[in-house]
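Student: Attaching a single structure in structure tokens format; questions to follow.
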Amino acid sequence: MTQRTSIAATDFKSDTVTTPTESMLQAMLTATHGDDVYKEDKTTNALQDRVARMAGKEAGLFVVSGTMGNQLCVRAHLHQPPYSILCDYRAHVYTHEAAGLAMLSQAMVTPVHPKKTLYITAEDIASYLILGNDIHTAPTRVISLENTLGGSIMPIDEIAKISALAKKHNLKLHLDGARLWNASAETGIPISEYGKYFDSMSLCLSKGIGAPVGTVIVGDSALIERANWFRKQLGGGIRQAGLLAAAADVALTEIFPDKLKATHQVAKKLAQEISDELGITFQIPVETNFIFLDLDKAGIDPQILVEESTKLGITVVGARITIHHQTSPEAIEKLKQALRNTVAVAKERPRSEPDGIAFSSVYDNIAPDFMQN
């Protein structure tokens with residue numbers, strides 16, 4: 001089957017920009033047309049079961065987005081407030097889901113800053129847990145982790161320690177696994193191995209996996225039944241969901257794990273070339289499909305990079321460069337040229353002070369930049 005060139009081929013802003021392949025579109029034509037609100041659609045049910053099995057969980061639920069998946073999982077774990085949710089201070093569930101935790105779960109958030117690593121550890125979390133019956137507090141009820149976070153992989157041995165800590169205090173552990181597929185593809189650790197540590201997981205299929213729409217949340221049957229109720233409440237009940245589930249199922253088959261891991265190899269090679277030729281360094285190590293340029297250290301105005309990229313017909317939004325399965329080799333070459341041009345401009349017009357988040361070289365300060373979808 002001949003594949004058309006995707007408009008995403010020249011877009012580096014996110015891995016959400018991928019477009020459906022011909023095989024995904026063909027799958028939509030043959031999808032079943034049952035009503036998913038009544039659990040009658042065979043295509044949707046099959047996708048939910050497939051992802052649940054991959055994660056080693058009892059049940060799954062197809063939802064329209066990673067944001068909805070996170071919010072449903074957290075809400076389903078909670079009962080009567082007051083309570084709080086503990087997470088990394090950069091976590092998407094906290095910083096980029098339109099105050100969903102406050103609005104939908106009526107929860108206070110305890111944001112945690114890692115002390116020694118790029119990711120929060122069990123030691124970090126233990127210091128911030130709110131336990132006991134002090135009526136002045138909102139006790140911790142859920143710990144939410146994110147893997148990958150900004151493209152960085154949380155080691156599974158640290159996840160195991162956090163899981164043990166959660167169980168010790170009878171807390172629920174949720175995973176924003178929007179890009180867990182990337183972590184699994186890179187490390188070779190099965191999704192089910194990660195899954196055994198979490199009470200719930202939100203596994204997005206519309207980012208690196210490349211589906212046009214969709215996330216599957218997984219957990220035990222009782223949790224998924226409760227989440228389904230909240231999904232309906234939020235207007236997330238899809239009637240002929242099979243049309244979307246069919247494309248997502250094909251995306252999972254086509255992209256994970258080989259094509260996904262290939263995007264990591266492209267990102268690492270590109271980062272090495274940028275470093276070798278232009279001397280540009282990076283805010284964090286390149287572990288998967290994200291590159292975070294240290295524009296501050298290089299004296300580069302991110303807006304100039306955006307402008308030079310636009311001149312060459314590619315889309316760049318700042319310090320974050322994202323590689324996805326439809327990124328073209330030609331676009332990579334144009335990006336390198338845009339960086340060369342930007343460095344030349346920076347030499348002529350050096351910046352004296354940083355101007356905005358995207359200009360920063362400090363990892364602590366780039367949360368709004370790297371956590372955007």
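Bear in mind that the values in this text are calculations on the coordinates, not laboratory data. Model, not experiment: these values are computed from the prediction. In this analysis, Cβ positions are derived from the backbone assuming ideal geometry, glycine residues included, and neighbour counts consider all displayed protein chains.
Student: Would you mind checking K13/K116; K115/K172; K269/K334 for any pair whose Cα atoms are more than 20 angstrom apart? List each step's numbers first, then the result.
Tutor: Values: K13/K116 29 Å; K115/K172 23 Å; K269/K334 15 Å.
Result: K13/K116; K115/K172 exceed 20 Å.
Student: Express in whole angstrom the spacing between the alpha-carbon centres of the stretch 100-161 and the stretch 174-196.
Tutor: Between the Cα centre of the stretch 100-161 and that of the stretch 174-196, the gap is 18 Å.
Student: Fewest first, what order do V345, V93 take by the number of other Cβ atoms within 10 Å? Numbers along the way, then the final one.
Tutor: Numbers: V345 16, V93 28.
Ranked by crowding around the Cβ, least crowded first: V345, V93.
Student: Another question about this same structure. So if we plug the beta-carbon distance of I156 and E330 into 1/(1 + (r/R0)^6) with R0 = 51 Å, what FRET efficiency do we get, rounded to 0.05? Intermediate values should be presented prior to the final figure.
Tutor: Details: r = 37 Å, r/R0 = 0.73.
So, using R0 = 51 Å, E works out to roughly 0.85.
Student: Now a separate question. Between I189 and K347, take the C-beta separation as r, use R0 = 45 Å, and let me know the FRET efficiency to the nearest 0.05. Before the final figure, lay out each step's value.
Tutor: Details: r = 44 Å, r/R0 = 0.98.
Once rounded, the FRET efficiency stands at 0.55.
Student: What dipole magnitude, in Debye to the nearest 20, does the chain give about its Cα centre under +1 on Lys/Arg Cβ and -1 on Asp/Glu Cβ? Mind dumping the intermediate values first?
Tutor: Details: 36 positive and 42 negative charges, 96 e Å.
So the magnitude is around 460 debye.
Student: Go through S14, V74, Y94 and say which Cα lies farthest out towards the positive end of the charge dipole of the stretch 1-140; charges sit on Cβ, +1 for Lys and Arg, -1 for Asp and Glu.
Tutor: About the Cα centre, the residue reaching furthest to the positive side is S14.
Student: Another question, then. Give me a comma-separated list of calculated 3J(HN,Hα) values for the stretch 48-60, in order, Karplus coefficients 6.51, -1.76, 1.60 applied at θ = phi - 60°, integers in Hz, x for any Gly or Pro.
Tutor: These are the phi-based 3J(HN,Hα) values: 4, 5, 4, 5, 4, 5, 4, 8, x, 10, 6, 8, x Hz.
Student: Give the range of the longest stretch in the chain that excludes all trypsin sites (Lys or Arg not before Pro) found in loop regions by DSSP and having at most 14 other beta-carbon atoms within 10 Å. Don't skip to the answer; put the middle values down first.
Tutor: Numbers: sites that count: R4, K39, K115, K116, K196, R239.
Within the chain, the longest run free of exposed trypsin sites (Lys or Arg not before Pro) spans 240-373.
Student: Would you list which aspartates and glutamates come within 13 Å of K196, measuring only between C-alpha atoms, while excluding same-chain residues fewer than 8 positions from it?
Tutor: E58, D157, D220
Student: Taking R0 as 51 Å, what FRET efficiency do you get between L312 and T117 from their Cβ-Cβ distance, rounded to the nearest 0.05?
Tutor: 0.85
Student: Treat each spin label as a single point 7 Å out from the Cα along the C-beta direction, and report the K167 to Q80 distance in nm.
Tutor: 2.9
Student: What 222 nm value per residue comes from the helices of the chain, counting each DSSP H run with n ≥ 4 as -39,500 (n - 2.57) and dividing by all residues, nearest 500 deg cm²/dmol? Provide the component values of the computation, followed by the final result.
Tutor: Details: 16 runs with 162 residues, N = 373.
Taken over the chain, the calculation gives -13000 deg cm²/dmol.
Student: In nm, to one decimal, how far is the K196 label point from the S221 one, both placed 7 Å along Cα→Cβ?
Tutor: Taking the simple label geometry, K196 and S221 are separated by 2.3 nm.
Student: May I pose another question? Treat each spin label as a single point 7 Å out from the Cα along the C-beta direction, and report the T281 to L234 distance in nm.
Tutor: 4.0
Student: Also: How much length, in nm to one decimal, is gained on full extension between E58 and Q106, taken as 0.36 nm per residue of separation minus their Cα-Cα distance?
Tutor: Numbers: separation 48, 0.36 × 48 = 17.28 nm, distance 2.77 nm.
Extra length available between E58 and Q106 comes to 14.5 nm.
Student: Can you tell me the equivalent ellipsoid semi-axes for the chain? Use √(5λ) from the Cα gyration tensor, largest first, whole Å.
Tutor: Numbers: eigenvalues 234, 152, 55 Å².
Value: 34, 28, 17 Å, ordered largest first.
Student: Can you return the lysines within cross-link range of K39? Criterion is Cα-Cα under 20 Å, with same-chain partners fewer than 8 residues away left out.
Tutor: In chain and number order, the partners are K57, K232.
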